[in-house]
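Reviewing the structure listed below.
The values are calculated or read from the model by the stated rules, or taken from the named source; none is laboratory data. All of these numbers come straight from a predicted model, not from anything done at the bench. Backbone-built Cβ (ideal geometry, glycine too); neighbour counts: all protein chains shown.
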Amino acid sequence: MDLINPAVVDLSRFQFALTALYHFMFVPLTLGLTFMLAAMETVYVVTGRQVYKDMALFWGKLFGINFALGVATGLTMEFEFGTNWSMYSRFFGDMFGTPLAIEGLMAFFMESTFVGLMFFGWDRLSKPAHLAITYLVALGSNLSALWILVANASMNVPHGAHFDPETLRMTFDSFVGVVFNPDAQAKFVHTSVAGYVAASMFVMGISAFYLLRREHRAFAARSFRMAALFGIFSTVAVITLGDVLGRLDYEHQPTKIAAIEGLWHTSKPPYEPWIVAALPNDAKQESSFEIGVPFVLTPLITHSFDTPITGMIELEDAAAPRIASGITAISALRRYEESHLGADLEVFHAHQNDMGYGLLATRHAPNQDVTAIAPEQLQSVIEQTKPDILPNVFVTFWSFRIMVFLGVFFFVLFAMASYLSLKNQLERNRLFLKLCMWSIPLPVLATEFGWITAEGGRQPWTVFERLPTFMSASTHSMSYMLFSLAGFTMLYSIFIAVELYLMFKFARLGPEAHHQHDDGADPAHLSVVAH
Amino acid sequence: MDVYVILKLVWAGLLCVLLIGLGLMVGMDMGVGTLLRFVGRTDGERRTALNIIGPHWDGNQVWFILGGGAIFAAFPTLYATSFSVFYVVMIVLLFSMILRPVAFEYRSKVEARLWRASWDWVFLLSGFLPMFVYGAAFGNILQGVGYHFNWTGQYFQDNSFLTYLLNPFAILCGLMAVSLSVMQGGVMLMIRSENPIHDRAQYFAARAGLMAVVLFLAGGVWVRGMSGFVLEQGDPAMPANPMHGQHVSMQAGAWLHNYAAHPVLWLLPLLGVVCMLAEVALVLANRPRMAWWMGLGAWVGTIGTVAASMFPFFMPSTTSPDQSLTIWNSSASQYGLTCMLAVSLVFVPLILCYTSWCYYVMRGKVHTADIVKDTHSY
């Protein structure tokens, strides 16, 4: 009997989370720094001032150290769907593979080919030609993010595909539906702009370090100001698009939004508070120590004052008939697989919208076979399956809050940084400069929690309401999983140690000293970013 | 012919093109990595060798990524099943692959001798292993792989990974791929380096080329007696579902049936052997630019030979032959294949253009004296 081993599924999930979150420690900087490099080089080409070329070269070097790990860990992601999520890849690959392949063809090829010229081509290309290359790298990395998020959005909101009983998988039927998936559009902007925030903080924090040490002052003051202004605009965009995403989740993924808000019972507008902090208990299905701000939740999520938001308990109850109908759908599908009778197909079609809920019942069915559920067992299987429709509320609730609190902090920090920089009062505010420096890792942390919110909140599905995560994993043995996990843990630990060592080393070294004489401007006399 | 069948065939062809591009371009960089410790004795020489492919390795590597992406999009069932069935081998491949970008970027950023020497070993490992696994994978699919599907389409593995690794035919195929990659890497070094790197690269390229010819011919003889697979029944236009619709039998020597039916196919192995020999001759005659193009022919001949004998199989199953993955039962939908084809027709020519342009911009010899002075290079 071929059974799914839940421990292997858990290890596969753990490995994917580990490798994906690790990959995304490097991606935000790549997304943002490429555009900042392009901006610096633009100023250099327009004004001809050496300090801007120094900026592009120096930040480019740090970019390169980061980029290598982004590329290396990205390879893992491209493989991992096949190596660890075989059923998912077969079930959803017709649709999911397309944006991934387009990403390679349209974006990653361009980014990777031109990044070589960006580093090596300074002496071989004219200034405008090199600038064009830098822009192509920035465009490539951001287009790359676009297609990856299009792919990701299709897991959350599977537009543009339908299930085909002949091939037992989701069949791709609308390119437009996939690309213009509203979730994809909002997610792309939210995520890539979050990368700009991370890059701004990176440049601003390291510049603050030089200002604190009174080294490379002209260089640092210019970099700081550029980063602060880039950062404030990006933060505003991140927050705006975050709001759009919340509303989309409310429309398409009610379980996710209810878990994010810790909403066990349907809300009572308009009074319903937005819970700032609480301790959600997944087992008891209730929260303790709730602290909330009244009247905020309803307008925040629904953009109205009188629409109730369905709570998790009510969502569970609403799922019961769908689970029953799904079990009927899967049983009919299995009969059809053997009989190829039109009657079985008809039953399946009548219930196919609920088939995902039928698959969800697999783990509670005898021998993991929903077709073997006896009529007298049905009610108990449904009751056992009901809580499975919810993600882990504690994790979803808190990862969302950490992301949001950090986002608000960035807004304040960048606003102050822009103000102090434009007023030329930075060097007097040493405590503020220290705060900027220590904040360097925070945007990356916020992005990671964003991913945990989005993908943890999507559970228990890999393809929302179509394919449960439990069924998506490859059927490896425990020893295979332990082997790969041990390897990833070891390699990735070495990588991060080396990366941090090099980052610190080159950040401490600073821009090359011999260029400093080319630009004698005192930072106190800087009036605007681009002269 | 049915449009869906044509699309499946076109994509099988494009997959071959990608596998050739991967072998040629990624193989070349990996060959340089494998040779690094042998062609360069001093740090300056090794940095020179690295900077010869420095501006291009990242772009070339996308052939590899795109290979994965294209299989995912065009033959999702093949991607899902092969990557999982070969799990341990794929993970080893992945570990060695992800070490490479890091090695390029980090090796020359620190002066310490131990640091650089360690990364040089990483280059050897991350050049040799992936090409070995790449070749061995072809060996394994030629012999057939143990797996079956249940009714939901979930695969289950029937053989241990050890049978794929400790397998003489797979080892032969792996070494064959490594030989081609070392030859191509040596040729690239010859084009853009001066002595002493140039002469050492010439030495290794010629020997690797001869080894490739010998292994290729030995593999051909081996396949004659090997048990191959025959698709007895299966409609090319079938819905892409590996669970039913095919009847497959196993027969000794079946991998030569296509050649017997269409003798013109013998041109493919012939092309491979002739190009490999010509490449060796051109290397010895110190004509590396022309030799490089022979490398293209060698890869076309090699991949083409395997494709011609296995057609229409991708990955036959020894334990459940009827569920063997073929071009017909593992492809994407007609709509998906059409979309991907449209995108490829726009972007593949574009990619070839800008890749060539990059090589043009970076043309010419790399001088060790310049590299040693430059702190921005690898």
Show the residue pairs meeting these rules: Cβ distance below 8 Å; 6+ apart or different chains; first residue within the stretch A:425-452 and in the same structural domain as A:T396 (by TED's automatic domain parsing); second residue surrounded by fewer than 16 Cβ atoms within 10 Å (Cβ to Cβ) and of a type in the set (D, E, K, R).
A:E427/A:R214
Which is modelled with pLDDT under 95 and either within 30 Å of A:D164 (Cβ to Cβ) or within 14 Å of chain B (Cβ to nearest Cβ) (or both), of A:S421, A:S474?
A:S474
For the stretch B:260-271, check the following and say yes or no: at least one residue is under 30 Å from B:M188 (Cβ atoms), in contact with a Leu (Cβ under 7 Å, 6 or more places away or on another chain) and either crowded, with 23+ Cβ neighbours inside 10 Å or without any contact (Cβ under 8 Å) to a residue 40 or more places away in the chain (or both).
no
Restricting the search to the stretch B:57-93, which residues are at pLDDT below 90 and of a type in the set (S, T, N, Q)?
B:N60, B:Q61
Among helices (runs of 4 or more DSSP H) entirely inside the stretch B:272-378, those with 1 or more residues being at pLDDT below 90, within 14 Å of chain A (Cβ to nearest Cβ) and in contact with a helix residue (DSSP H, G or I) (Cβ under 9 Å, 6 or more places away or on another chain) are B:334-361, B:368-373
So, A:L37, is that one at negative phi, surrounded by fewer than 20 Cβ atoms within 10 Å (Cβ to Cβ), part of a helix (DSSP H, G or I) and more than 8 Å from chain B (Cβ to nearest Cβ) or not?
no
Of the candidates B:A252, B:A218, B:A212, the one satisfying the condition of being buried (at least 19 other Cβ atoms within 10 Å of the Cβ), aliphatic (A, V, I, L, M) and touching a residue at least 24 places away in the same chain (Cβ under 8 Å) is B:A212
Going through A:A72, A:A56, A:A20, A:A39 one at a time, which residue ends up being among the aliphatic types (A, V, I, L, M), within 30 Å of A:G356 (Cβ to Cβ), touching a residue at least 12 places away in the same chain (Cβ under 8 Å) and touching a helix residue (DSSP H, G or I) at 6+ places or on another chain (Cβ under 9 Å)?
A:A20
Condition test on A:S207, is it small (G, A, S) and out of contact with any His (no Cβ under 8 Å at 6 or more places or on another chain)?
yes
When the stretch A:419-438 is examined, which residues are found to be surrounded by fewer than 20 Cβ atoms within 10 Å (Cβ to Cβ) and under 17 Å from A:A198 (Cβ atoms)?
A:L435, A:M437, A:W438
The lone exception for B:G54 - which of (1) under 17 Å from the mean Cα position of the chain (by Cα); (2) farther than 30 Å from A:W85 by Cα; (3) within 12 Å of another protein chain (Cβ to nearest Cβ) it fails:
(1)
Out of curiosity, is A:E251 acidic (D, E) and either more than 29 Å from A:T462 (Cβ to Cβ) or touching a Cys at 6+ places or on another chain (Cβ under 9 Å) (or both)?
no
Please pick out the residue among A:S144, A:S174 that is touching a residue at least 24 places away in the same chain (Cβ under 8 Å) and polar (S, T, N, Q).
A:S144
Among A:A258, A:A228, which is buried (at least 24 other Cβ atoms within 10 Å of the Cβ), over 30 Å from A:A318 (Cα atoms) and of a type outside the set (D, E)?
A:A228
Flagged in the stretch A:64-79 as more than 7 Å from chain B (Cβ to nearest Cβ) and surrounded by 24 or more Cβ atoms within 10 Å (Cβ to Cβ), in numbering order, are A:F67
If we scan the stretch B:304-323, do we find a residue that is crowded, with 19+ Cβ neighbours inside 10 Å, touching a residue at least 24 places away in the same chain (Cβ under 8 Å), among the β-branched types (V, I, T) and within 25 Å of B:L231 (Cα to Cα)?
yes
Does B:D2 fit the bill of being more than 13 Å from chain A (Cβ to nearest Cβ), more than 18 Å from the chain's Cα centre (by Cα) and within 20 Å of B:L124 (Cβ to Cβ)?
no
Residue identified as of a type in the set (V, I, T), in a helix (DSSP H, G or I) and more than 8 Å from chain B (Cβ to nearest Cβ) among A:V115, A:V178
A:V178
From (1) in contact with a His (Cβ under 7 Å, 6 or more places away or on another chain); (2) buried (at least 18 other Cβ atoms within 10 Å of the Cβ), pick out the condition that doesn't hold for A:R247.
(2)
For B:M25, which of the numbered conditions (1) part of a helix (DSSP H, G or I); (2) out of contact with any strand residue (DSSP E or B) (no Cβ under 8 Å at 6 or more places or on another chain); (3) over 17 Å from B:L180 (Cβ atoms); (4) within 14 Å of chain A (Cβ to nearest Cβ) fails to hold?
(3)
Determine if the stretch A:86-97 includes at least one residue that is facing another protein chain (nearest Cβ under 7 Å), under 19 Å from the mean Cα position of the chain (by Cα) and either surrounded by 23 or more Cβ atoms within 10 Å (Cβ to Cβ) or over 24 Å from A:S12 (Cβ atoms) (or both).
yes
Condition (residue is surrounded by 16 or more Cβ atoms within 10 Å (Cβ to Cβ), more than 30 Å from B:D58 (Cβ to Cβ) and in contact with a Ser or Thr (Cβ under 6 Å, 6 or more places away or on another chain)) applied to the stretch B:359-368: is it met by at least one residue?
no
Which condition number does A:T171 fail, the rest of (1) surrounded by fewer than 24 Cβ atoms within 10 Å (Cβ to Cβ); (2) within 14 Å of chain B (Cβ to nearest Cβ); (3) out of contact with any strand residue (DSSP E or B) (no Cβ under 9 Å at 6 or more places or on another chain) being met?
(3)
Search result, residues across the stretch B:62-97 that are over 23 Å from B:F161 (Cβ atoms) and more than 7 Å from every other protein chain (Cβ to nearest Cβ)
B:W63, B:A74
Tell me which helices (runs of 4 or more DSSP H) are completely within the stretch A:261-377 and hold 1 or more residues being of a type in the set (S, T, Y), surrounded by 19 or more Cβ atoms within 10 Å (Cβ to Cβ) and within 34 Å of the chain's Cα centre (by Cα), or say none if there are none.
A:297-302, A:355-360
May I ask you to say which residue of B:A80, B:A136 is within 22 Å of B:T326 (Cα to Cα), touching a strand residue (DSSP E or B) at 6+ places or on another chain (Cβ under 9 Å), among the hydrophobic types (A, V, I, L, M, F, W, C) and surrounded by 24 or more Cβ atoms within 10 Å (Cβ to Cβ)?
B:A80
Quick one: which of B:V248, B:V221, B:V264, B:V230 is under 20 Å from B:V178 (Cα atoms) and β-branched (V, I, T)?
B:V221
